[in-house]
Amino acid sequence: MSSTESSGRTADKSPRQKVDRLLVGLRWRRLEEPLGFIKVLQWLFAIFAFGSCGSYSGETGAMVRCNNEAKDVGSIIVLFGYPFRLHRVQYEMPLCDDDSASKTMHLMGDFSAPAEFFVTLGIFSFFYTMAALVLYLRFHKLYTENKRFPLVDFCVTVSFTFFWLVAAAAWGKGLTDVKGATRPSSLTAAMPVCHGEEAVCSPGATPSMGLANLSVSPRAHYENGLVLHT
């Protein structure tokens, strides 16, 4: 019984011992060196990029007041977010006819391609940078002695720089289009009930795009491109 317990404890400790050996083997002071410090910045910027875009959600809306006294004021609230397939987002448009209650409408536009490309590139950059940090901190001797590792790291970094510029430009344009498609004025302009004389429409609250704006901040992209290029 005791031998079984001891073997079980040994099996439980072995993964922990491997993790402890890995952590002990890391040379944290190399983070103070230019290459290590730059990799940390690159890792943080990657989290910042895909986190701010991929986790975004917002809402837009409008008010519809029917001239018919039998109808109440209709409040429309539309929720949207990543990956910004707005043409799939439904909302109910109030109708001022006595025989009808509402009509299902959709937002306009599909901006998922630039958003998903931007987020995917950020995730790949995150994983690559984390692997590069482990290699640099734990196997620094292998990194310095084998000339292929610095060359591969440089080529991958240059590739990330190019694709990052492309993704940032595409998502910047996509975000501008998302803002235009989700403005309350765009919502009222797309509803047929607002073009007749039977109703008066007014825009609701403007969507808060602060988190999405952070993902395409010029300063962030300049620093991120500088980090990747370095």
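The values are calculated or read from the model by the stated rules, or taken from the named source; none is laboratory data. On a predicted model such as this, the values are computed, not experimentally measured, just so you know. Reconstructed Cβ throughout: ideal geometry from the backbone, glycine too, with neighbour counts over all protein chains shown.
Before moving on, here are some points about what is shown:
- Glu116 passes every criterion in (1) in contact with a Pro (Cβ under 8 Å, 6 or more places away or on another chain); (2) under 29 Å from Phe37 (Cβ atoms); (3) modelled with pLDDT of 90 or more apart from (2).
- Residue within the range 144-155 that is of a type outside the set (Asp, Glu), exposed (fewer than 14 other Cβ atoms within 10 Å of the Cβ) and either in contact with a Cys (Cβ under 8 Å, 6 or more places away or on another chain) or closer than 28 Å to Ser215 by Cβ (or both) present: yes
- Condition met for Gly36 (modelled with pLDDT of 70 or more and over 30 Å from Leu175 (Cα atoms)): yes
- Each residue in the range 106-142 was checked for being outside any helix (DSSP H, G or I) and in contact (Cβ under 8 Å) with a residue 40 or more places away in the chain, and 4 pass.
- Residue match in the range 122-132 (condition: on the phi > 0 side of the Ramachandran plot and not β-branched (Val, Ile, Thr)): no
- Within the range 130-149, the presence of at least one residue that is among the acidic types (Asp, Glu) and either farther than 30 Å from His87 by Cα or under 16 Å from the mean Cα position of the chain (by Cα) (or both) is confirmed.
- In the range 81-105, the residues that are touching a residue at least 12 places away in the same chain (Cβ under 8 Å), among the aliphatic types (A, V, I, L, M) and either under 20 Å from Cys201 (Cα atoms) or assigned to a loop (DSSP other than H, G, I, E, B) (or both): Val89, Met93, Leu95, Met105
- Filter result for the condition that a residue is surrounded by fewer than 16 Cβ atoms within 10 Å (Cβ to Cβ) and either free of Cβ contacts under 8 Å to residues at least 12 places away in the same chain or in a helix (DSSP H, G or I) (or both), over Ser186, Ser159: Ser159
- Tally of residues being among the hydroxyl-bearing types (Ser, Thr, Tyr) and under 19 Å from the mean Cα position of the chain (by Cα) across the range 156-183: 3
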